[in-house]
1. Taking 7 Å along the Cα-to-C-beta vector as the label spot, tell me the residue 93-residue 63 distance in nanometres, rounded to one decimal.
2. Between 11, 57, 38, which gets the highest mean-square fluctuation from a Gaussian network model of the chain, Cα cutoff 10 Å?
3. If I fit a long axis through the Cα atoms of helix 85-102 and take the longest principal axis of the Cα atoms of the chain, what angle between them do I get, 0 to 90°, rounded to 10?
4. If you fit an axis through the alpha-carbon atoms of helix 53-66 and take the longest principal axis of the Cα set of the chain, what angle between them do you get, 0 to 90°, nearest 10?
5. Once volume of the Cα convex hull per residue in Å³ is worked out from the coordinates, which option in (1) 97; (2) 116; (3) 138 does it equal?
6. With each run of n ≥ 4 DSSP H residues scored as -39500 (n - 2.57), what mean residue ellipticity at 222 nm is computed for the chain after dividing by its residue count and rounding to the nearest 500 deg cm²/dmol?
7. Given springs between every Cα pair under 10 Å in a Gaussian network model of the chain, which of 64, 29, 89 has the largest fluctuation?
8. Calculate the FRET efficiency for residue 49 and residue 72 from the Cβ-Cβ distance with a Förster distance of 35 Å, rounded to the nearest 0.05.
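What follows draws every value from the coordinates through simple rules; no lab data is involved. Everything numeric here is computed off the predicted structure, so don't read it as measured data. Here the Cβ positions follow ideal geometry from the backbone for every residue, glycine too, while neighbour counts run over all protein chains shown.
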């Protein structure tokens, strides 16, 4: 999504684009387990299914290497709306941290 390769439907509201985005990205709180994602990324409906663990890790590393500062315009987030480069990079860090904590890493 951050690379612009997938465009989920926009479900943002004025509240999620302002207050919720600020809380999620800048409040000194960990993201709780069970946060609802958009349908396009939900593993139970349409998300990317796990395959071979080593291959999944290699693909994750390849994709993370591509999320870096660049000149291209950054896409809209489906919940938080328009985001700058620094906001996308912060979101990527927090999102990865959230999932690593799920696995006890």
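1. 2.0
2. Of 11, 57, 38, the most mobile in the Gaussian network model is 57.
3. With rounding to tens, the tilt is 50 degrees.
4. Orientation of helix 53-66: about 40 degrees from the principal axis.
5. (2)
6. On the way: 3 runs with 38 residues, N = 105.
Taking each H run of at least 4 residues, the total per residue is -11500 deg cm²/dmol.
7. 29
8. That pair, residue 49 with residue 72, gives E of 0.75.
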